Each structure stands twice: as C-alpha cells, then as structure tokens.
Amino acid sequence: MDNVQQANVSGSLENKDNVSEKLLDLDDVLEKELGQFGRFQLTNILLVAIPLMVPAFMTEFIFSASAIPHRCRIPECGENNKSVEFNPIWLANAVPRSDSEHASCNRYNPLGDNGTLDNCPVALFDQEQIVDCDIFVYERDNTIVYDFDLGCKEWLRAQVGLFSSVGALLSMPLIGYFSDRFGRRLALTLSIFNVALFGLIRAFSFNYTMYLVLQFLNTTLGGGTFTSAYICAAELVGPKYRMYTSVYSSSMFALGQVTMGAVASLVRPWRYLLISLNIPSFLLLVCYFFLSESVRWLLSKQKYAEARRVLENVARVNKTQISEKSMQALMSPSSQTDRDEAGNPGLIKTVLRSRVLLRRVCTTPIWWVACTFVYYGLSINSIGLSGNMYLNYIYTCAVEIPGFFSALFTLPIIGRKWTLASGFLLSAGCNFAFAFISIDLVSVRLALFLLGKLFISMVFTSVYLFTSELYPTRYRHTFIGFSSMIGRIGTITAPLTPALAEYWEGIPSVLFGGVALVAGFLALTQPETLGVKLPDTLVEAEALGRSNDSRRLREIN
C-alpha cells in the first residue's frame, strides 16, 4: 500500500499594469468557489472504491504460496508419488518424530529391502542414522508448494514475496512516468488491466520459474493501481479533506485484503483462486468511461479546453459556480518552477551543511523502513498463527481500518511526534509480548498480534504527514520521495521473515518489535509540528522545535 506526493503550483501573473500578484491555485478555487468536498468529489471517490481494493488481490501469494505440511517420501514402501497417504500407520518406522510431529526434511536410512504401502516394518530402516531427503509427500495440494514440489525449500518459496516487493518498487517510477505523460485515468485503467491479465495468466503456470516471473510482472506493471486510484480520488478534493480521503483510500485497500482472504477461504486451490480474483477485475476497465481526468494534470499539460469542461462539470454537479476570472487565471500559462528538485545541484551540499537537516534525512527513512517492514510482515505472518489461517488474515487486515481512523483523532490532539512514537512503541511492545507468550494462550496471542497491527496501521497514516512537515518546501517533494524509496527495503525484506520461524517461531516478532522500538525512539528526537506553519525555507525548517522561533512561525492559514 503506497502514499501520493503532491505539490501545489505557484508562480506569478502580470496584470495590465505589470503588477505581480500570486498565481491563483486550484486549491483556492476549490475552497472559495467549487467546494472542497461536494457531490462530484463524493461520486469520484466512490467510483475508485473497488480499484483501490484491487491491488490487495496481488498479495494472494500469501495463500497460494503458503507452506503446507510435508514429509519425506519413502519409495521403499511403495510410495511412488507425492499424493499418497500423509500419515500411514507405519510412518514412525521410517521418519523421525519429535514434539508430536514427524520430521519434514529427513528420514531414517534405508537398509535396502522393500515393503509395501500396507506393510513397512521397522526392520527396513537403520534408526541410528538419519539422512536428508529430496522427494516428498504433501498433506494438501492447494498451493504452489505441492505443484512445484517446494518441500524443504523454504527460502525458495519466500522468493515469491521478495519478487513481488521488488516489482512493486519498480512499479513506482514506471507508473509515475506513465501517469505524468498520458494522464491519471489511462494510468489507472492500464494498471487494472495488467493486474487482471498477469494474475490470470499466472493461474496457468506450469513451473515455478514461470510463476515467479509472472508474479514479478504482475506487481511491476500493476503495482501502480493504488497510487493511480488514490490520485484520481484526491486531486480534486480540497486541502481540508485530503487526510480523510487518504484514510478512506487506505481503508478500502484493507477491505480489499479482507475480501481476498474471504475468497481464499472459499476457493482453496491456488489456480482457481487466481481465476476467481482476476476475471472480475476486467470489468473495472469501464471506469475509464466514467472517471474524469485530473484537472491538475490537464492544467500542467496546458490542455485548457478539457480542463474547462471538467471544472464546469464540477460546478454543475456540486451546484456551485466558478467565476470567469478564476477560470482565466487557471488557464493562463505561467513561468512555473520545476517541482521536481531531485537533481538540484545544491541539494547534497545543503544537507551536509545543515546538521538539523542531516539528522532528519538520516531519521525519516528509518521510520518508513520500520513502518513497511512491520506492517507487511504482520500481514504475511498472520497465516502462521494458531487456528484458521484465513480468519487470522482477515482479522489482521480488518483491524487496520480502526488503526487508520484512530490517527485522525490523535494527530490533532497529541500531535504528530507522539502519534508516530506511541504507535511504534506500542506495536513493539505487542510484538515482543507475542514472541514470548506461551503458544497455548491462543486468544491472548491473537489479541496481541492484532493490537500490534492496529498500532502500526496508525503509524502508516501518520508517517507521511509528519515527514512532509519537517522539510522546507523547496526540498519537501525530494525527501518524501527519498524516504518512501528507502522504505521499500522493509517491503522487500518482510516476505522473508516467515522462513526465519523455521529456527524459532518468535524470531519474526522479535525483529518487528526491535525495528519498531528503534523507530519509536527516533521519532522522539524530532520536533513537534502540530500547529506550526509548513516551513518554506531552510531557516524555518531548522527553527522547528525552538520555542521562540516556533511561536513566531505559528499562524492561521
């Protein structure tokens, strides 16, 4: 699940007397004339509700590539395929047993004689010598582990999540370029098509390599669906309602995860699961004909005739008016400052010269890494909890929604710093407790796991806002993008954590708790930004947290 980076265009217009005045901004028109959240905006966000859910379907690998119980195949006893009986009465004669379970990856050394499926006596094996095996029998056949024979290849199985995360990382610059060049509406439509197409083709994979390549293409070419849908929902919403739109978008993604978990519980075979999720997604391509193109994109591309039609439609649906003066001001081309300052030659030098900015540049990316690592890690590890793995996953995703909305209440009351820090620290506490509580306390462990997810969801809502308020306007876009990019390290490593549970089941939770703990204490090192004007200059950004200067910067926008 990814956040959208936006920048307001500013510049100057010359009047007839050559007097400079502030360039009229679309936000000003929304606030004063068109309405910040009217019937048009409501219709728009409802139209993208299901497209916001679709990206969650790409995480079905949590089920389709999940581990299944397996053991060594015993060919000496007539086991000539991987679907024979999983627990024959003679199994203890051939396979070591510990903690009420048979070994998954080793067996007793055979002595050379043969038995049958009905009779395989202990005399056929040397129980003093244990050997590894490379052919297996599986308890179930509903995941790729069975079809592609991935028994005892846990790290190979984990590559599915890794490739998915790397693909999602690569999708960001791809969809950003396509969206900026061809428009938000076409970018959303193409992303949905890629999700459905590659997801459907993946259902017919005939080997593990094909499945892995298609998983990579699925997220690389479809991973921008959420970002595109969010932009379509948020770019015409006024500033007052953007945080609510963000929470709504995140909640719809969480609902998509819940939907995916419910479908997976009903359609167990992984091939049929992919077909069930992706064929209906093709129907969403009709969104192209109902959604309006982003006015901001049209104005940036100087497509003024189309922009005028959209603005007039907004006014008509919202039963408001836009003055001809405002329309003309928005349609007038101006000399605008390039909003992408990533290549600014003075950027690195500026960071190195400012100790305050340097500390922030070293701190905020760690927040993003911790947030994505814990958030996605808990989702992926939820199916390993005791009990029904489908219900566990549904609960873990559903609890995100109150987590997202809780941030709306805490951010304006206790502030950005304490919302972020408390979310990290409380999630850390829940994860540490979960790791060391007895496995027999199923309900307590589930409650702690869900609370850990709720608190990290609260962080997910807060981290973008707090990061954006710490940097000056000139570098804000660049450093939010940098923090988000580094944060993908967490997304990439999270799918590898279930493999660590093979050594001790508490390792993933301890890792989540440790990373969240570090990030929580780092959040306390930054100044509070609640009620403080967004810093426009480096001097103002450095003044954040200094009592005299902070009071001087406070103002009502």
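Over all Cα pairs of the chain, how is the pair count split among 20 Å bins, expressed in % and running from 0 up to the last occupied bin?
The calculated distribution, bin by bin, is 19, 48, 24, 7, 1, 0.
Before I look further, what does the stretch 340-475 give for accessible area per residue, probe 1.4 Å, in whole square angstrom?
Ligands and nucleic acids excluded, the figure is 39 Å² per residue.
Quick one: with all protein chains in place, what share of the accessible area of the chain is carbon or sulfur, to the nearest percent (1.4 Å probe)?
Of the solvent-accessible surface of the chain, carbon and sulfur hold 60 percent.
Accessible area per residue for the stretch 50-193 in Å², computed with a 1.4 Å probe and the full protein assembly in place, what is it?
46
Mind ordering 517-524, 163-170 by average Cβ neighbours within 10 Å, highest first?
So the order, starting with the most tightly packed, is 163-170, 517-524.
Can you give me the Cα centroid spacing of the stretch 34-60 and the stretch 370-442 in angstrom?
25
Largest first and in whole Å, give the semi-axes of the stretch 130-248's equivalent ellipsoid, each being the square root of 5 times a Cα gyration tensor eigenvalue.
Calculated on Cα positions only, the semi-axes equal 38, 15, 12 Å.
Which of Asn81, Leu117, Met58 sits farthest toward the positive end of the charge dipole of the stretch 50-157, with +1 on the Cβ of Lys and Arg and -1 on the Cβ of Asp and Glu?
Checked the options; the winner is Met58.
Taking the highest mean first, how do the peptides 29-36, 89-96 order by number of other beta carbon atoms within 10 angstrom per residue?
Result, highest mean first: 29-36, 89-96.
If the only charges are +1 at each Lys and Arg Cβ and -1 at each Asp and Glu Cβ, what is the size of the charge dipole of the stretch 125-239 around the Cα centre, to the nearest 20 debye?
For the stretch 125-239, the charge dipole is close to 980 debye.
Compare the Cα positions of Met243, Leu188, Leu441 along the charge dipole of the chain (+1 at Cβ of Lys, Arg; -1 at Cβ of Asp, Glu; about the Cα centre) and return the one farthest towards the positive end.
Met243
Among the listed pairs Lys240/Lys325; Lys32/Lys417; Lys240/Lys417; Lys301/Lys349, which are separated by more than 26 Å between their Cα atoms?
Going by Cα-Cα distance, Lys32/Lys417; Lys301/Lys349 fall outside the 26 Å limit.
Using unit Cβ charges (K, R positive; D, E negative) and no other charged atoms, how large, in debye to the nearest 20, is the dipole of the chain about its Cα centre?
2100
Tell me which cysteines of the chain come out unpaired when the rule is another cysteine's Cβ under 4.7 Å.
That list is Cys232, Cys287, Cys362, Cys371, Cys397, Cys430.
Take the Cα gyration tensor of the stretch 16-131, multiply each eigenvalue by 5, square-root it, and list the three semi-axes largest first, rounded to whole angstrom.
73, 16, 11
Rank Phe136, Ala92, Ser104 by how far each Cα sits towards the positive end of the charge dipole of the stretch 87-150 (+1 on Lys, Arg Cβ; -1 on Asp, Glu Cβ) and give me just the farthest.
Checked the options; the winner is Ala92.
Quick check: Cα centre of the stretch 134-156 to Cα centre of the stretch 212-278, how many Å?
Each part's Cα centre sits 28 Å from the other's.
The values are calculated or read from the model by the stated rules, or taken from the named source; none is laboratory data. Predicted, not measured: the structure shown is a model, and the values here were computed from it. Note: ideal-geometry Cβ built from the backbone for every residue, glycine included; neighbour counts use all protein chains shown. In case anyone asks, the SASA skips ligands and DNA or RNA and just uses the protein heavy atoms, side chains included. Shrake-Rupley method; radii C 1.70, N 1.55, O 1.52, S 1.80 Å.
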